[in-house]
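The values are calculated or read from the model by the stated rules, or taken from the named source; none is laboratory data. Remember, it's a predicted structure, so these values are computed and weren't measured experimentally. Every residue, glycine as well, gets a Cβ built from its backbone with ideal geometry; the counts of neighbours run over all protein chains shown. Heavy atoms of the whole protein, side chains included, go into the accessibility calculation; ligands, DNA and RNA do not. Shrake-Rupley method; radii C 1.70, N 1.55, O 1.52, S 1.80 Å.
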Amino acid sequence: MARFSPENLAHARLLLSLYPEPRSALLPLCHLAQAQDGWLTPEAMEQVAELVGVTPAEVLGTASFYDMLHTSPVGTYLIGVCTNLACLLAGGEELLRHAERSLGVAPGATTEDGMFTLEEVECVAACDRAPCAAVNWRYFGPLGPDAFDELVGQLRAGALAAEVPAHGVLSRVRRRRGLATTTEEVAAERRAADEERAARASAKAAEAQGSGDGGSRS
Amino acid sequence: MSAPSTSSPPAIVTGRLGYPDSHTFERFLATGGYEGLRKALRLHPEDVAAEVSASNLLGRGGAGFETGRKWSLLPAGKPVRYLVVNGDESEPATFKDHMLIERDPHQLLEGIVIAAYAIGAAQAFLYIRGEFALGLERVEQALEEAYAYGAVGRDIFGSGFSLDIVVHPGAGAYICGEETALLESLEGKRGFPRIKPPYFPAAIGLYGEPTIVNNVETMSNLPWIVTHGGAAFAALGQGRSTGTRIFALSGHVRRPGNYEVEMAKTTFRELIEAEHLGGGVREGRAVKAFVPGGVSSPWFFPEQLDMPLDQDEVGKAGAMLGSGAITVMDDTTCVVRASWRIVKFFWRESCGQCTPCREGSGWLEKVMHRIETGGGREEDLDLLLDVADNISPGLSWPPAQTTICVLGPSIPPSVCSALSRYRDEFLTHVKEGRCPFPEEAR
Ligand SMILES: Cc1cc2nc3c(=O)[nH]c(=O)nc-3n(C[C@H](O)[C@H](O)[C@H](O)COP(=O)(O)O)c2cc1C
Ligand code: SF4
Ligand code: FES
């Protein structure tokens, strides 16, 4: 299933309605497709292209710029080990090497059973837990080799299914409402507010002018 | 050397974080939530902006520009303008916005509505780093609660002011933190920084309309500023560095974490060593070097430990407070390896539009890697400086820029700092043909 399910298509249309220009929904729709299929399939990119009004090549060209969007299949769990500065100082490189041995794959590769894809990632803003790893963007740390193996074991056993949703599920909380006001309504509201503001400013200027003149005359 | 502060300043942005349920709507309301917004809506927008100007709140995203002054750059006569909030936090070792997004999402939303009211934004976009899965869930949940409560949406609290907020997930690209790249990304494109001028998106921003881009922590300060007044904020700190600020402390300290301290009244030493803050380096170790404000900054060394956390003082000393990220390296650290990792980051994250940035970062990474792994030559030390000088001519501070955005000139400082201070360590790598630091202690 690579086209959007009816439910996801409805959500895609809601997302589109939030932006003044449809192309802005491109990344959110790619995330939605990835949450559905685990990766960004060519069919999904075609549909995203139709929805936002660009060519499929433009979707691919844009998506390929972003590290989180995968245009080829990845494992159920994407394990990203951080080796950036704070993690480096705490043994992040050693953790990555351990992860490679433990999972039996190099960074960028997926285990044979399709469970895990290992990645070396840049700082994930969890540096107070260095060295740390992200599993489908949920953070774990500080992680020594034993803690890492335990984490992998728990993931394999399905013990963390509640904390770490499978595949590229970025967010389980979805927006349910469209915009409360139309563009025209807001524009009218702002125009009126700007006019009032300008009137207040000129009244204030006139007052200052008045007292200023008074001051110079006396 | 300024005396360590003894009185504890108010917790302006982290006040609620002591509660385990700080992210919930119930806790927010029970602790004064949305009171700042109610007060703001009773004032004229320009009076809210005046309070923010009076506070002298400096942007917390990295550049440290006065928030009130930025807002005043919006051109008159263009009723459609946007507020874009930068929650892309990806500067290595910076993790404060991540915390604010996850742990106090309502405070952030309240700040956003206040700012949007002050500048008259037609719509607000909250761009959150895609990797912040829990943060995205928390903010989306909080936003739904705020709509239902009437703090966001149509006719907010019966004031006649309406605002829609859209939470927008990024998708993994450091460069999208740069404000013009962020706007491109928000328009559904690759995150290529825009050519300057215009230097600020205030005139030409999102969809070509006037746009204010502000950081998450900047926004999170607004409820307090409106509630207590800009003067109360400006009474804290010193000079242009007013109020408090969150510093993300990491590396070789006993207690890494985010600490909100009064600006200019606290020193690096106090932050790193105080028992209730960083707790110092490990027993028997000493500070060798530290990153004072994100990896784009030149490094500081032990003699700068007593400098206050004051934006202008740090700037005068040849570095920056930048993103508020302080990373401590103790005397077991191999500075070649540490600075190589920073350069590797920039090389991976360069968007590739400018030759000095794209090629220069690759060269520096290659040469640093070969020195660290034992294949370096003595000439490599001069080669590093030569490449660095090609990226940012003169190697001065603030750095000269030949590129579209400041990622380019952010590449050399760490390597240049390490090399100028610890040239001998680089030479030892070259002479011994290996990294002299034992593997487990590097
Ligand atoms: C390469 C680069 C990355 C940046 N990353 C961020 C970021 O992650 N978050 C942020 O708020 N500002 C970041 N900035 C700074 C923004 O361009 C902008 O100055 C800031 O968001 C403005 O908000 P402020 O005035 O409230 O600080 C970055 C700048 C550059 C050049
Ligand atoms: S300086 Fe680097 S990151 Fe910035 S626009 Fe140029 S190539 Fe891209
Ligand atoms: S350096 Fe690893 S999470 Fe920040």
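Of the numbered criteria (1) within 16 Å of ligand 2 (Cβ to nearest atom); (2) charged (D, E, K, R); (3) in contact (Cβ under 8 Å) with a residue 40 or more places away in the chain, the one residue B:189 fails is (3). Picking from residues in segment A:45-72 that are at the interface with another protein chain (Cβ under 10 Å from one of its Cβ atoms) and hydroxyl-bearing (Ser, Thr, Tyr), the one that is surrounded by the fewest Cβ atoms within 10 Å (Cβ to Cβ) is A:64.
Do you know which residues across segment B:155-174 are at the interface with chain A (Cβ under 8 Å from one of its Cβ atoms), among the hydrophobic types (A, V, I, L, M, F, W, C) and open to solvent by 10 Å² or more (accessible area, probe 1.4 Å)? Listed by number, the residues that qualify are B:161, B:167, B:173.
Checking the structure you have, find out if any residue of segment B:354-369 is away from ligand 2 (no atom under 12 Å from the Cβ), in a loop (DSSP other than H, G, I, E, B) and either of a type in the set (Asp, Glu) or under 25 Å from residue B:88 (Cα atoms) (or both).
Taking segment B:354-369 first, the residues away from ligand 2 (no atom under 12 Å from the Cβ) are B:363-369.
Then keep just the ones that are in a loop (DSSP other than H, G, I, E, B); that gives none.
No; the residues of segment B:354-369 include none that is away from ligand 2 (no atom under 12 Å from the Cβ), in a loop (DSSP other than H, G, I, E, B) and either of a type in the set (Asp, Glu) or under 25 Å from residue B:88 (Cα atoms) (or both).
Entry remark, segment B:327-372: residues being within 16 Å of ligand 3 (Cβ to nearest atom) and among the polar types (S, T, N, Q) number 3 in total.
Would you tally the residues in segment A:158-170 being open to solvent by less than 50 Å² (accessible area, probe 1.4 Å), small (Gly, Ala, Ser) and without any contact (Cβ under 8 Å) to a residue 60 or more places away in the chain? Steps first, answer last, please.
We begin by selecting, within segment A:158-170, every residue open to solvent by less than 50 Å² (accessible area, probe 1.4 Å); these are A:158, A:160, A:164-166, A:168-170.
Restricting the remaining residues to those that are small (Gly, Ala, Ser) gives A:158, A:166, A:168.
Next cut, without any contact (Cβ under 8 Å) to a residue 60 or more places away in the chain only: A:158.
Adding up the residues that qualify gives 1.
Does residue B:400 satisfy being out of contact with any strand residue (DSSP E or B) (no Cβ under 8 Å at 6 or more places or on another chain), at pLDDT below 95, within 16 Å of ligand 2 (Cβ to nearest atom) and not assigned by TED's automatic domain parsing to the domain that holds residue B:180?
Working: out of contact with any strand residue (DSSP E or B) (no Cβ under 8 Å at 6 or more places or on another chain): yes; at pLDDT below 95: yes; within 16 Å of ligand 2 (Cβ to nearest atom): yes; not assigned by TED's automatic domain parsing to the domain that holds residue B:180: yes.
So residue B:400 fits the description; yes.
On the given criteria, is residue B:51 of a type in the set (Asp, Glu), more than 29 Å from residue A:200 (Cβ to Cβ) and either assigned to a loop (DSSP other than H, G, I, E, B) or open to solvent by 40 Å² or more (accessible area, probe 1.4 Å) (or both)?
Details: of a type in the set (Asp, Glu): yes; more than 29 Å from residue A:200 (Cβ to Cβ): no; either assigned to a loop (DSSP other than H, G, I, E, B) or open to solvent by 40 Å² or more (accessible area, probe 1.4 Å) (or both): yes.
It is false that residue B:51 is of a type in the set (Asp, Glu), more than 29 Å from residue A:200 (Cβ to Cβ) and either assigned to a loop (DSSP other than H, G, I, E, B) or open to solvent by 40 Å² or more (accessible area, probe 1.4 Å) (or both).
Considering only segment B:202-222, I want to know if a residue exists there that is within 14 Å of ligand 1 (Cβ to nearest atom) and open to solvent by 10 Å² or more (accessible area, probe 1.4 Å). For segment B:202-222, residues within 14 Å of ligand 1 (Cβ to nearest atom) and open to solvent by 10 Å² or more (accessible area, probe 1.4 Å): present.
Among the residues in segment A:83-93, are any more than 10 Å from chain B (Cβ to nearest Cβ) and away from ligand 2 (no atom under 16 Å from the Cβ)? Steps first, answer last, please.
We begin by selecting, within segment A:83-93, every residue more than 10 Å from chain B (Cβ to nearest Cβ); these are none.
No, the conditions are met nowhere in segment A:83-93.
Within segment B:172-204, the set of residues being among the aliphatic types (A, V, I, L, M) and over 19 Å from residue B:407 (Cα atoms) comprises B:186, B:202, B:203, B:204. Listed by first and then second residue, the pairs linking a residue in segment A:181-202 that is under 15 Å from residue B:123 (Cα atoms) to a residue that is β-branched (Val, Ile, Thr) and surrounded by 17 or more Cβ atoms within 10 Å (Cβ to Cβ), with Cβ atoms under 9 Å apart and 6 or more places separating them unless they lie on different chains, are A:183/B:80; A:186/B:80; A:187/B:80; A:189/A:181; A:190/B:80.
Residues of segment B:400-442 that are in contact (Cβ under 8 Å) with a residue 12 or more places away in the chain, hydrophobic (A, V, I, L, M, F, W, C) and within 16 Å of ligand 1 (Cβ to nearest atom): B:404, B:405, B:406, B:407, B:411.
Per the listing B:295, B:261, B:328, B:336, the residue uniquely assigned to a strand (DSSP E or B) and within 14 Å of chain A (Cβ to nearest Cβ) is B:328.
Check segment A:128-147 and report whether any residue there is within 16 Å of ligand 1 (Cβ to nearest atom) and within 12 Å of another protein chain (Cβ to nearest Cβ). Show your work before the answer.
Quick first cut of segment A:128-147, residues within 16 Å of ligand 1 (Cβ to nearest atom) only: none.
Within segment A:128-147 (the criterion being within 16 Å of ligand 1 (Cβ to nearest atom) and within 12 Å of another protein chain (Cβ to nearest Cβ)), the answer is no, since none of the residues qualifies.
Can you work out which of the residues in segment B:212-258 that are part of a helix (DSSP H, G or I) and under 18 Å from residue B:88 (Cα atoms) is farthest from ligand 2 (Cβ to nearest atom)?
Taking segment B:212-258 and keeping what is part of a helix (DSSP H, G or I), we get B:216-220, B:222-228, B:230-234.
Narrowing further to those that are under 18 Å from residue B:88 (Cα atoms): B:216-220.
Values: B:216: 22, B:217: 23, B:218: 22, B:219: 25, B:220: 27 Å.
Out of the qualifying residues, it is B:220.
Check segment A:16-29 and report whether any residue there is of a type in the set (Gly, Ala, Ser) and more than 9 Å from chain B (Cβ to nearest Cβ). Yes, the conditions are met somewhere in segment A:16-29. Name the pairs: first residue in segment B:96-121 and on the phi > 0 side of the Ramachandran plot, second residue of a type outside the set (A, V, I, L, M, F, W, C), Cβ to Cβ under 8 Å, at least 6 apart or on different chains? If the second residue must be of a type outside the set (A, V, I, L, M, F, W, C), the pairs left are B:120/A:190; B:120/A:194; B:120/A:197; B:120/B:45; B:120/B:79; B:120/B:81.
Would you be able to say whether some residue in segment B:392-403 is assigned to a helix (DSSP H, G or I), away from ligand 3 (no atom under 16 Å from the Cβ) and open to solvent by 10 Å² or more (accessible area, probe 1.4 Å)?
Kept after step one, since they are assigned to a helix (DSSP H, G or I), are these residues of segment B:392-403: none.
Looking through segment B:392-403, none of the residues is assigned to a helix (DSSP H, G or I), away from ligand 3 (no atom under 16 Å from the Cβ) and open to solvent by 10 Å² or more (accessible area, probe 1.4 Å).
Looking for something away from ligand 3 (no atom under 16 Å from the Cβ) and not in a loop (DSSP other than H, G, I, E, B) - is there at least one such residue anywhere in segment A:63-76? Checked against the condition, which is being away from ligand 3 (no atom under 16 Å from the Cβ) and not in a loop (DSSP other than H, G, I, E, B), segment A:63-76 yields at least one hit.
Report, by residue number, each residue of segment A:153-184 that is of a type in the set (Val, Ile, Thr) and facing chain B (nearest Cβ under 9 Å). Result: A:169, A:173, A:181, A:183. Of everything in segment B:313-325 that's under 16 Å from the mean Cα position of the chain (by Cα) and assigned to a helix (DSSP H, G or I), which residue is nearest to the other protein chains (Cβ to nearest Cβ)? Restricting to residues being under 16 Å from the mean Cα position of the chain (by Cα) and assigned to a helix (DSSP H, G or I), the top hit is B:314.
Out of segment A:101-119, which residues are closer than 19 Å to residue A:164 by Cα, open to solvent by less than 60 Å² (accessible area, probe 1.4 Å) and out of contact with any Phe, Trp or Tyr (no Cβ under 8 Å at 6 or more places or on another chain)? I'd like the intermediate steps shown before the answer.
In the first step, residues of segment A:101-119 are kept if they are closer than 19 Å to residue A:164 by Cα; the result is A:103, A:110-111, A:113-119.
From the residues that got through so far, the ones that are open to solvent by less than 60 Å² (accessible area, probe 1.4 Å) too are A:103, A:110-111, A:114-119.
Result: A:111, A:114, A:118, A:119.
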